[in-house]
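The structure appears below as structure tokens.
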Amino acid sequence: MMPDPCPSIEGKVAVFGIGGQVGSALTLALGEKAIPLSREAVDLSEPLKVSEMLFALKPAAVINAAAYTAVDKAEQEEALATAINADSPAIMADYCSTHNIPFLHYSTDYVFNGEGDRPWVESDTPAPLSAYGRSKLAGERKLAEIGGKHLILRTSWVFDAFHTNFFNTMLRLGREREEIAVVGDQFGAPTYGPHLAGGSLAALERAVRMDQFPTGVYHMAAEGVTTWKDFAEAIFEGALESGILKSAPVVRAITSEEFGAPAVRPKNSRLSMEKLKWVFGIALPDWRDGLTHALEIKREAARHAH
Ligand SMILES: NC(=O)c1ccc[n+]([C@@H]2O[C@H](COP(=O)([O-])OP(=O)(O)OC[C@H]3O[C@@H](n4cnc5c(N)ncnc54)[C@H](OP(=O)(O)O)[C@@H]3O)[C@@H](O)[C@H]2O)c1
């Protein structure tokens with residue numbers, strides 16, 4: 001059995017979003033301590049249901065890894081994205097504040113406008129460029145108003161070996177294409193889901209043990225910085241080395257404007273992790289370590305398939 005990552009929380013932890021990249025890793029790390037809540041169990045587009053569920057479950061802590069994360073589609077569905085990313089998290093925060101239990105929630109680098117090349121600090125003024133970014137910022141603001149014992153962890157560019165994401169899309173395109181065009185003018189840190197889950201639970205455990213719960217916003221992303229184009233090249237290089245791909249496509253850098261996604265992304269998504277290190281003494285591994293891990297899982301899966 002794995003050791004309890006949050007021994008100071010006496011009781012079970014309700015986890016929303018267990019089908020997602022972060023929620024699945026959290027559920028695995030928490031083991032029997034988790035009360036796993038899928039979309040089927042409670043749909044966050046109906047905030048009142050969230051309240052009913054929490055009153056019925058009476059958890060000792062709540063973690064919300066559920067979110068409307070379809071960044072481009074959110075441009076057409078901002079009201080729905082806001083219900084899921086702001087109204088339901090506010091209901092969770094209300095419950096946690098009323099019952100004096102800790103609440104862990106996630107936000108995003110997309111709350112920033114991406115200007116400059118300095119890593120964003122938590123006190124920088126958000127100015128989201130997209131409906132998704134606005135909906136996540138609305139969630140942050142509601143939590144700040146409600147107060148209580150909460151941690152809001154802003155992360156970036158999440159990937160793992162199992163879900164639909166940039167990493168898996170590149171591996172698929174790597175088999176299908178000889179050349180691909182990838183955005184080369186956005187800078188950030190690809191954050192490995194299991195690393196983020198581990199860091200989140202470590203931060204939560206430390207927060208609970210502090211004399212005063214350090215409520216607030218924290219940046220928690222992988223160490224290091226890259227672009228999507230360089231991330232793609234690193235994926236192909238690793239996939240070739242480990243035999244996951246037999247050949248890799250040529251990667252051509254294009255601008256965000258050339259790519260032309262419906263939602264505008266920040267060009268500078270670098271997040272400063274100084275506050276996280278200072279308050280909790282925690283830093284996530286480098287994005288390259290996460291990539292190595294994800295590739296190992298793929299290699300093992302390919303080996304077992306043969
Ligand atoms: N992915 C990124 O690159 C990224 C970057 C920065 C911040 N974040 C933030 O990090 C957190 C975790 O993201 P992730 O990458 O793990 O997201 P993800 O893989 O897209 O998972 C999101 C989860 O939310 C669930 N969900 C969506 N709509 C729901 C609804 N109406 N009711 C209940 N559940 C619903 C999904 O359920 P189903 O499994 O049923 O679809 C899924 O389990 C989110 O707060 C996200 O905003 C993510």
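Do we find that Val71 is near the ligand (Cβ under 10 Å from one of its atoms) and assigned to a loop (DSSP other than H, G, I, E, B) in this structure? Yes. Number of residues in region 1-31 that are modelled with pLDDT under 95 and either over 21 Å from Arg209 (Cβ atoms) or part of a helix (DSSP H, G or I) (or both): the value is 1.
Kindly check whether there is at least one residue in region 215-235 that is without any contact (Cβ under 8 Å) to a residue 24 or more places away in the chain and within 30 Å of Leu173 (Cα to Cα).
Checked region 215-235: at least one residue is without any contact (Cβ under 8 Å) to a residue 24 or more places away in the chain and within 30 Å of Leu173 (Cα to Cα).
Count of region 120-137 residues, restricted to those that are touching a residue at least 24 places away in the same chain (Cβ under 8 Å) and either within 15 Å of the ligand (Cβ to nearest atom) or buried (at least 23 other Cβ atoms within 10 Å of the Cβ) (or both), is 11.
Would it be correct to say that Val111 is open to solvent by less than 10 Å² (accessible area, probe 1.4 Å), in contact (Cβ under 8 Å) with a residue 12 or more places away in the chain and more than 14 Å from the ligand (Cβ to nearest atom)? I'd like the intermediate steps shown before the answer.
Working: open to solvent by less than 10 Å² (accessible area, probe 1.4 Å): yes; in contact (Cβ under 8 Å) with a residue 12 or more places away in the chain: yes; more than 14 Å from the ligand (Cβ to nearest atom): no.
It is false that Val111 is open to solvent by less than 10 Å² (accessible area, probe 1.4 Å), in contact (Cβ under 8 Å) with a residue 12 or more places away in the chain and more than 14 Å from the ligand (Cβ to nearest atom).
Going through (1) farther than 28 Å from Arg134 by Cα; (2) among the small types (Gly, Ala, Ser); (3) in contact (Cβ under 8 Å) with a residue 12 or more places away in the chain one by one, Ala261 falls short only on (1). Thr169 meets each of the listed conditions (1) more than 16 Å from the ligand (Cβ to nearest atom); (2) surrounded by fewer than 18 Cβ atoms within 10 Å (Cβ to Cβ); (3) among the β-branched types (Val, Ile, Thr) apart from (1). When region 27-68 is filtered for residues that are of a type in the set (Val, Ile, Thr) and either out of contact with any Leu (no Cβ under 9 Å at 6 or more places or on another chain) or within 14 Å of the ligand (Cβ to nearest atom) (or both), the ones remaining, listed by number, are Thr27, Val42, Val50, Val62, Ile63.
Out of region 194-229, which residues are under 12 Å from Pro285 (Cα atoms) and either in contact with a Pro (Cβ under 7 Å, 6 or more places away or on another chain) or surrounded by fewer than 18 Cβ atoms within 10 Å (Cβ to Cβ) (or both)? His195, Ala222, Glu223, Gly224 - these are the residues of region 194-229 that are under 12 Å from Pro285 (Cα atoms) and either in contact with a Pro (Cβ under 7 Å, 6 or more places away or on another chain) or surrounded by fewer than 18 Cβ atoms within 10 Å (Cβ to Cβ) (or both). Within region 245-267, not a single residue is among the aliphatic types (A, V, I, L, M), open to solvent by 10 Å² or more (accessible area, probe 1.4 Å), on the phi < 0 side of the Ramachandran plot and in contact with a His (Cβ under 9 Å, 6 or more places away or on another chain). Criterion applied to Glu205, Glu140, Glu178 was being among the charged types (D, E, K, R), within 16 Å of the ligand (Cβ to nearest atom) and in contact (Cβ under 8 Å) with a residue 60 or more places away in the chain, and the one residue passing it is Glu140.
Would you mind finding the one in Pro89, Pro102, Pro36, Pro47 that is modelled with pLDDT under 95 and crowded, with 16+ Cβ neighbours inside 10 Å? Break it down stepwise before answering.
Working: Pro89 fails: modelled with pLDDT under 95; Pro102 fails: modelled with pLDDT under 95; Pro36 fails: modelled with pLDDT under 95.
Testing whether each residue is modelled with pLDDT under 95 and crowded, with 16+ Cβ neighbours inside 10 Å leaves just Pro47.
Scanning region 20-36 for residues that are farther than 17 Å from His150 by Cβ, touching a residue at least 24 places away in the same chain (Cβ under 8 Å) and of a type outside the set (S, T, N, Q) gives Gly20, Gly23, Ala25, Leu28, Ala29, Leu30, Gly31, Lys33, Ile35.
The values are calculated or read from the model by the stated rules, or taken from the named source; none is laboratory data. Values in this document were obtained by computation on a predicted structure and should not be read as measured data. When we count neighbours, we look across all protein chains shown, and the Cβ atoms used for this are built from the backbone with ideal geometry, even at glycine. Calculation scope for accessible area: heavy atoms of the full protein, side chains included, ligands and nucleic acids excluded. Shrake-Rupley method; radii C 1.70, N 1.55, O 1.52, S 1.80 Å.
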